[in-house]
1. State the extension gain, in nm to one decimal, for the chain segment bounded by Asp433 and Asn231, taking 0.36 nm per residue of separation less the distance between their alpha-carbons.
2. Highest mean first, what order results for 244-252, 164-172 on Cβ atoms within 10 Å?
3. For Ala527 and Asp346, FRET efficiency with R0 = 30 Å and r from the beta-carbon atoms, rounded to 0.05?
4. Given contacts defined as C-alpha pairs under 8 Å and at least six residues apart, what's the relative contact order of the chain, whole-number percent?
5. Write down the radius of gyration of the chain and its Dmax, each obtained from C-alpha positions, in Å.
6. Over 20 Å between Cα atoms, which of Lys34/Lys92; Lys175/Lys223; Lys110/Lys175 qualify?
7. Pairing the Cα long axis of helix 215-231 with the longest principal axis of the chain, what angle in degrees results, from 0 to 90 and rounded to the nearest 10?
8. Considering the Cα trace of region 210-258, what is its radius of gyration and what is Dmax, both in angstroms?
Amino acid sequence: MNWYEDSIFYELYPRAFCDSDGDGRGDLLGIRQKLDYLQWLGVDVVWLLPIGDSPLRDDGYDVRSYYQLHPDFGTIESFRMLVDEVHARGMKLLIDLVVNHTSDEHAWFKEARRSKDSPYRDYYVWSDTPDKYPEVRIIFIDTETSNWTYDEGSGQYYWHRFFSSQPDLNYDNPKVQEEMFRALAYWCELGADAFRLDACPYLFERDGTNGESLPETHDFLKKMRAFLDTNYPGTVLLGEANQMPEDLLPYFSDGDEMQMSFNFIVMPQIYLSLKRQDHTPLMRVVRDTPPLPEGCQWATFLRNHDELTLEMVTPEVRQEMWEHYSPYMNQRINLGIRRRLAPLMDGDLRRVAMLYSLLLTLPGAPVLYYGDEIGMGDDVSLPDRNGVRTPMQWDDGPNAGFSTAPASKLYAPVIASADYNPAKVNVAAQMADPNSLLHTIRKMVLARKQVSGLAHGAVEWLPNAPKPVVAFTRSDGSFMLLALHNLSGDEQMVTLPPGSWRDVFDATQTAAGSFTLGAYEWRWMVAE
Ligand code: NOJ
């Protein structure tokens, strides 16, 4: 099996993790200082959100340079030092590559908008009217009213799928394609092991289509993969394709496109099942997911740096989930929910742990979001998605141990709410407490590494499990794990399959027959 198929990924926001130079903003050398922690937690792959130079109107997803780092994060030398240390620990580094667009402050765009004759004009997509491609949806519906913005200077509209400060690149221009290969090569040379391809479904535009997942886009992504296979074999592409199942699966193609893709289909169904206390939505979606081509893997996740997207559910289900998980309008953004995991669970850490158990036992490679492993809170008073990107809470000292800068200098305030402030939620306290959420999650992560078959093994649902219980076995032929989860706050009775079952964590033996699960309890058992 390839390393990424059974790895534990950890997504971190570099500005939030650890500030090594006291300027109030996290940096690469700060992350390097915290690798002991990540290793202790059992992380195999460190995923860095964008670190390139940027005016930061979309937190680095507005690219000003594909090569230079944003000065907040350090220098290329700091990147080298980080990557070396990651590799020395046997871990891998995944970085974001924003393929779809740049910032309007990128030199290409500045040059392109100078005049219609600019050699860079064709790096972007222009039109005399804002009426072209009417079938294309607007993604950031809370901020944008059109995918076209008028450029006064050159007298045409430019195309953008996200903020108007993020003009889309024109992939019909071979030079743009070449630029992306160059960027891939640059970061591979520096030691990156994998790339998250941001917003990869939207690379091409074609009349009469919604501009998503077009054949041309797949062809180009295959070229990227071939480029890596030829020049940097083993380098992994992880696609961010927030698409319906029938459109998501083609990103794996015949095993010759992306090796990995985020599972945007399963994620919302986990929350829906929990809300309804009914295993059916989750069971259905897992059952309906076809097997992947050899060498491919899902990246499964509960939360990330964006809103919890509800784009892939029906409007009725979206409304149901909005009402349940984000009763206040300020907790919503676009078609999603801008809250962290612990507040979504009303601070009930039994539920948080139970969701982690699902994440770690369902098929796929799990992606953890920084801070969720200690049950960090969010701050909806911050704009956009910033409320889930606050400083990591390392201890209960000044600035939660994140930075030695004066609090007024921090890029964002540390969470101060009564339930989630650093005195209540921090790494140091949880490390010292063997019953903490952090230890519970670590225990699961380490146990997962001991059992085979979780990456791809077959999923069999326990027949007759009560609705509020998610119960399945995972098996690769030689080994069988039984995972039980009670989605409800009431006791539930399940019937264990024939055989003798040993608890993975406390080694207690249970015979087949009736077994009672407490409120939100989860269990991992292996067949003896
Ligand atoms: C997806 C990223 O996750 C999000 O944070 C960003 O705003 C958009 N792509 C645009 O790049």
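The values are calculated or read from the model by the stated rules, or taken from the named source; none is laboratory data. Just so we're clear, the structure is a prediction, and the values are computed from it rather than from any experiment. Here the Cβ is made from the backbone with ideal geometry for all residues, glycine too, and neighbour counts use every protein chain on show. For accessibility, only protein heavy atoms count, side chains too; no ligands or nucleic acids. Shrake-Rupley method; radii C 1.70, N 1.55, O 1.52, S 1.80 Å.
1. 68.0 nm
2. Sorting 244-252, 164-172 by mean packing, highest first, produces 164-172, 244-252.
3. Numbers: r = 35 Å, r/R0 = 1.17.
Between Asp346 and Ala527 the formula returns 0.30.
4. 12
5. 23.1, 77
6. As for pairs spanning more than 20 Å Cα to Cα, there are none.
7. Helix 215-231 and the main axis of the chain meet at about 80 degrees.
8. 11.0, 34
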